[in-house]
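Read the figures in this text as sums done on the coordinates, not as results from a lab. Every value quoted in this text rests on a predicted model; they were computed, and no experiment measured them. Cβ sites come from the backbone with ideal geometry, for glycine too, and all protein chains shown count toward neighbours.
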Amino acid sequence: MHRSMDLRRTLISKPTLFFPSITRPLTCVTSTAQQHHQHQHQHQHQQQQLQPPPLQHQNQPQPSDQSSIYWVTSILSNPFLDSSKCKELIPHLSPHQFDGLFFAIRSNVNPKTALNFFYFASETFEFRFTVRSYCILIRLLIISNLVAPARLLLIRLIDRKLPVLFANSENQHIEIAITMSALNAASEMVVGVRTFDLLVHVYCTQFKNVGFSYAVDVFRLLASKGMFPSLKTCNFLLSSLVKVNELQKSYELFEIIRRGVAPDVYLFTTAINAFCKGGRVEDAISLFLKMEELGISPNVVTYNNLIHGLCKSGDLDKAFHFKERMIANCVDPSLITYSVLINGLIKLEKFDDANCVLKEMSAKGFVPNEVVYNTLIDGYCKIGNISNALKVRDDMLSKGINPTSVTFNSLVRGFCNIGEMEQAEYLLQEMLSSGLTINMGLFTSVIHWLCMNSRFNSALQFVREMLLRNLRPNDGLLTTLVGGLCKKGKHSEAIDLWFRLLEKGFAANTVTSNVLIHGLCEEGNMQEAVRLLIEMLKRGLVLDTITYNTLISGFCREGKVEEGYKLREEMVKRGINPDIFTYNSLIHGLCDMGKMDEAVRLWNECKSNGLVPNVHTYGVMIDGYCKAEKIAEGEKVFNALVAQKLELNSVVYNTLIRAYCKNGNMMEAFRLCDDMRSKGISPTVSTYSSLIHGMCNIGRVEDAKHFLDEMRMEGLLPNVVCYTALIGGYCKLGQMDIAQSVLQEMSSHDIHPNKITYTVMIDGYCKSGNRKEADKLLNEMIENGIIPDAVTYNALTNGFCKEGKVGEAFKVGDCMLNRGVALDEITYTTLVHGSSCRRLQIKNDP
């Protein structure tokens, strides 16, 4: 070919003058109409300039300037590109002018030189070649078997990586296809087919997001002109559409192909697969029969596709019919054939039939692969037959086939389904140690089970493994885990998890963050809670009313109401309006500090802001007045609450009952208790503990004891507070034997004494002069892991001093210091008083 091109080049005389008729340099002109106007007075003796060629059926142009065509030819026909000549030529050409010249001399062009010229002009001068110029060049490259450069040039043309003059900016793929088809002369059909092959391949492989649609558009256009790519490319396009589930397009395309190309076994097989994937099994069968009518013998893949489709649709009888048909037609079933049939049977839970197929498969010399084994294992796991699933797994191992991620995922899911979570956890650990891929759902199931069983350390370990694999646990799971860690006192682990999520780009949502902040506030770790808030603000994470309310409540519980007010101001600045819970927390904080006037002012502000106090707000105010020993004011708030017709609860009643019991007004306490019952609110354990305590305080201990029986009749179990109040009543009366029997009764109900119980008993024994029993209880208390406090030790100190054993009392003081218990004012007063009494006693002794 190169020799013929060289021969043609010798027939063209080399020009000796560079554009002699041009008197001044020209710039690159994109509008030929404007160029015609500018040079009309210079070229009146020549023909009119070439007009932009239409996309279809351009006749060979008649160049007006013979030196121009010679000049372009001299550059593009040489084996090497002369860049200096290019620099002289390009500024004098328009895209359409060059297009006409290039079309005229295309048979004399060196494709490599032309390619270099195109790139040089595009990069150096940003010269915008026409679509036809590029298409001519691509064809020339294909003719010269320079397919790789042709492919790259086509990709850059489609991707607009080159300056190009498109007539239609919206349907560029259609314009390229039309231009390619217009260049396809009858004598060059082979080149046309190769060009169309390249065009379809490039769209399918390089532009997958839109490429398949464009490829189909191009295919339809070419087919409408009676032009088709090769059968191989038709197969490629059809199979590509089927792979990406563009099934409707594949059906349409197959019908187009059938009208212009004689389908082979591969094309029919792909079309049958498409129909089966789309659930059109009857159409697939019809096509199979048509294929046989045309004398095209189906191959093993054809049969497998059809059998697979029938199995998916649940028609196992027809599937086995075609399996027998393939054997009758001397087509041997393959491993895939048996695998598909086994899978179909397993889905219908026909395990016996599946095992028969497995035996037949083995008899034919096929060794089951991991797909077959995994199908059986998954089937058994889904019906809860884990024992058979494990037997298959063991058989798999005996054949030297290692279980895969699919195997383990099925087994773990199976154990989860039957509630054997320990086994699921064990297998999950085994998967992790083997480096296998783990299904997201399995992680979630096992972690959730661990959280529900309070195994938060194991749950946290699996969550960390998820994060290492860039898997994000769902928000509900994270909230459960963080909340559980906080309840178990593992706040540092919860904080570490929160920051790990942040670092991985999996920031916890607002609910999870709020749960963590709540846990920290409950622990009293306000410093960490605030640090978390600052980090959330810094990272732009969403904060809500709950976030701020949780922090405000935490600060108020610690008595730092001013910090609570600051947070309220900040939430307002951020456009988050305080709600009734915000005010309740602040009012509660003020009430706890005894600042009732400020609490009332905040109460009034709350109402003036349009917020309606709820029963909790009233309860907080009642509790505040009661703690400040202003029960009458508390009663007024209670009456206002009743007038508002808000739904009352036991907490509000218990607050007032406790206050009346404390100051000995048992009549009012019982009146409220009756009122409580009349409104359908049952007394609680707290109600009875207050009544027991109140009755004991006025010396009516036996009456108080009857409340224990009344509680049990109402289905309430007396707690340590109730028993301790009763024990305290007997101790005050000096009835230590009865107090001891109540303590034993309490233990018989599996209610363990607490620090207050022991302290009350020790104090009672000390006051009654039975220091031996007091010492015995102190030792029992320590053995049971209950650390005595200053109140407990003060009871002993006071007992020793009353007996005149001041030295022993000072030993108790030393014991307190050794145990890290600080001596308080009562301790010092007791010791000083005891020492003074002892000195006075010595002085008065004869």
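Listed by chain and number, the aspartates and glutamates whose C-alpha is less than 20 Å from the C-alpha of K732, apart from same-chain residues fewer than 8 away, are E702, D703, E745, D763, E773, D775, E803.
Qualifying trypsin sites (Lys or Arg not before Pro) in the range 528-570, where qualification requires a DSSP coil assignment and no more than 16 other C-beta atoms within 10 Å, comprise R539, K560. Calculated [222 nm] ellipticity per residue, helices only, for the chain: -22500 deg cm²/dmol; basis is -39500 (n - 2.57) per DSSP H run with n ≥ 4, divided by all residues, nearest 500. The modelled label-to-label distance between K85 and Q735, using points 7 Å beyond Cα along the C-beta direction, is 12.8 nm. What full-extension length gain, to one decimal in nm, is calculated for R160 and E293 as 0.36 nm per residue of separation minus the Cα-Cα distance? Full-extension gain reported as 43.1 nm. Distant-in-sequence amide contacts of L165, defined by a placed amide H-H separation under 5 Å and a gap of 5 or more residues or a different chain, comprise F129, T130, V131. Quick check: the distance between the Cα centres of the range 217-251 and the range 339-353, to the nearest angstrom? The range 217-251 and the range 339-353 have Cα centres separated by 35 Å. Kindly express, to the nearest 10 degrees and within the range 0 to 90, the angle between helix 247-260's C-alpha long axis and the longest C-alpha principal axis of the chain. Compared with the principal axis, the helix lies near 10 degrees. Sorted on the mean count of surrounding Cβ atoms within 10 Å across their residues, most packed first, peptides 150-163, 770-783 read 150-163, 770-783.
With respect to the chain, whose longest principal axis is taken over its alpha-carbon atoms, helix 281-293 is tilted by about 30°. Take every pair of alpha-carbon atoms less than 8 Å apart whose residues are at least six positions apart; their mean separation over the length of the chain yields a relative contact order of 3 percent.
Among residues other than I296 with Cβ under 11 Å from its Cβ, the summed charge is -2 (Lys and Arg +1, Asp and Glu -1). Listed from fewest to most Cβ neighbours within 10 Å, the set D623, D352 follows the order D352, D623.
Which one of N184, L646, C204 is farthest out on the positive end of the charge dipole of the chain, using unit charges on Cβ (Lys, Arg +1; Asp, Glu -1) and the Cα centre as origin? With unit charges placed on the Cβ atoms, the residue in question is N184. Rounded to the nearest 10 degrees, the inclination of helix 351-363 to the longest alpha-carbon principal axis of the chain is 50 degrees. Neighbours of V412, meaning other residues whose beta-carbon lies under 11 angstrom from its beta-carbon, give a summed charge of -2 when Lys and Arg score +1 and Asp and Glu score -1.
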